[in-house]
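Have a look at the structure below, then the notes.
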Amino acid sequence: MPDDRHHLLTGGASLEKVATGATWAEGPVWIPGRRAVRFSDIHTNRILEYSEETGELTVFSDAAEHTNGRTLDLAGHVVECSHGRRAVQRDRAVGPGEAPAPTTLVDRYGPHRLNSPNDVVVASDGAIWFTDPAYGIKRPVEGHPGEEEYGDRYVFRYDEAEGTLRPVVIDVEAPNGLAFSPDESLLYVADSSLTPADESDPFPERPHGHAIHVYDLVEGRHAKNGRTLTEVSPGLPDGIRVDVEGRIWSSSLSGVQVFAPTGERLLDLPVPEKTANLCFGGDDGRTLYIVATTSLYRIRTTTRDGVTLART
């Protein structure tokens, strides 16, 4: 396995713990207007923010309804997943000093409530794509008890302008993290079903996977030709990001793993705690922030998030 450490990380870069005090840290996003990383502490029902300017970690919300993954929409507002509300919501609080102000965007598929939206991306046409596994309704510390009302776990595309919600990926057992390639010709979906949501009834007849899947995107709204890109081990893929060169940065049990678009593993970046998710941030976009169980880590890279290409 090649090691592109010297290519992907800046010279002399080392992993730095910048904040701690969470119980299960998840869903980071860099907010330029606050020069901060906002992320979830799911089990304690909080949203935390780390200020790059002051170096302080503060509680943004202590009644967060078990939010998880988040991203920015085309206007720079936060779009995030709420296990507790079983919804995708928008929070417009992105400027200095602004308080939490979430509003629900979508929480139903037809007459049925969603399971527990987990992670989310926004396409260059403004459509919101999100995963909907069952962790928030099957694990008491991650949400509220509930049933899988539509009977499965899908990846959805929500067109806010049209007011339509449609399943786009139905063949991944526990869709978790997701990301687009830089030109939005591909969609990557992480499967975390190696660890079933319902630990007391793990459905042994259903798949237990730990792969990143890839789909061709057609007309910006259809996911076709699904195939396995690579398996993530040890552990499983949770949050993923794609950089400007199309490389996939994935969380794993051992830390962060980076894969070429062909699926070849390029880099193993060890992290001292079980890693859940990651995002690029900092003023130049080249700082990788990593949330891992109790702490927030960062390291300097030579790349940045590929989502910026489709919007320039």
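Projecting label points 7 angstrom from Cα along Cα→Cβ for Ser124 and Glu264 puts them 2.7 nm apart. Each residue of the range 178-191 was assigned a 3J(HN,Hα) from its phi angle through the Karplus expression (A = 6.51, B = -1.76, C = 1.60, θ = phi - 60°), giving 8, 7, 9, 5, x, 9, 6, 8, 10, 10, 9, 10, 8, 10 Hz with x at Gly and Pro.
Between Ala75, Ala63, Ala197, the residue with the greatest mean-square fluctuation in the GNM of the chain (Cα pairs under 10 Å linked by springs) is Ala75.
Along the Cα→Cβ direction, 7 angstrom out, place labels at Glu245 and His43. What is the inter-label distance in nm? In this crude spin-label approximation the distance works out to 3.7 nm. Here the relative contact order of the range 34-75, from alpha carbon pairs under 8 Å that lie six or more residues apart, stands at 36 percent.
The distance linking the range 120-167 with the range 206-285 is 19 Å (Cα centroid to Cα centroid, whole angstrom).
Partner lysines whose Cα lies under 24 Å from the Cα of Lys138, excluding those fewer than 8 positions away in the same chain, are identified as Lys274. Could you name the aspartates and glutamates in cross-link range of Lys224, using Cα to Cα under 14 Å and dropping any fewer than eight places away on the same chain? The reachable aspartates and glutamates, counting only those whose Cα sits under 14 Å from Lys224, are Asp171, Glu184, Asp216. Multiplying the residue separation of Ser254 and Glu205 by 0.36 nm and removing their Cα-Cα distance gives an extension gain of 14.9 nm. By the scheme Lys and Arg +1, Asp and Glu -1, what is the net charge of all other residues having a beta-carbon under 11 Å from that of Arg166? Around Arg166, the surrounding residues sum to 0. Local charge for Gly69 was computed over the other residues whose Cβ lies under 10 Å away, with Lys and Arg +1 and Asp and Glu -1, and equals -3.
Per residue, the average separation of C-alpha pairs within less than 8 Å and at least 6 apart gives the chain a relative contact order of 17 percent. Springs between Cα atoms under 10 Å define the GNM used for the chain, and in it the highest mean-square fluctuation of Asp119, Asp171, Asp132 occurs at Asp171.
Taken about its Cα centre, the chain carries a charge dipole of roughly 340 debye when the Cβ of each Lys and Arg holds +1 and the Cβ of each Asp and Glu holds -1. Distance between the pseudo-spin-label points of Asp183 and Asp159 (7 Å out from Cα toward the beta carbon): 2.4 nm.
Each value in this text was obtained by applying a stated rule to the coordinates, not by laboratory testing. The structure displayed is predicted, hence computed values, not measured ones. Heads up, the Cβs are rebuilt from the backbone with ideal geometry, glycines too, and the neighbour counts pull from every protein chain shown.
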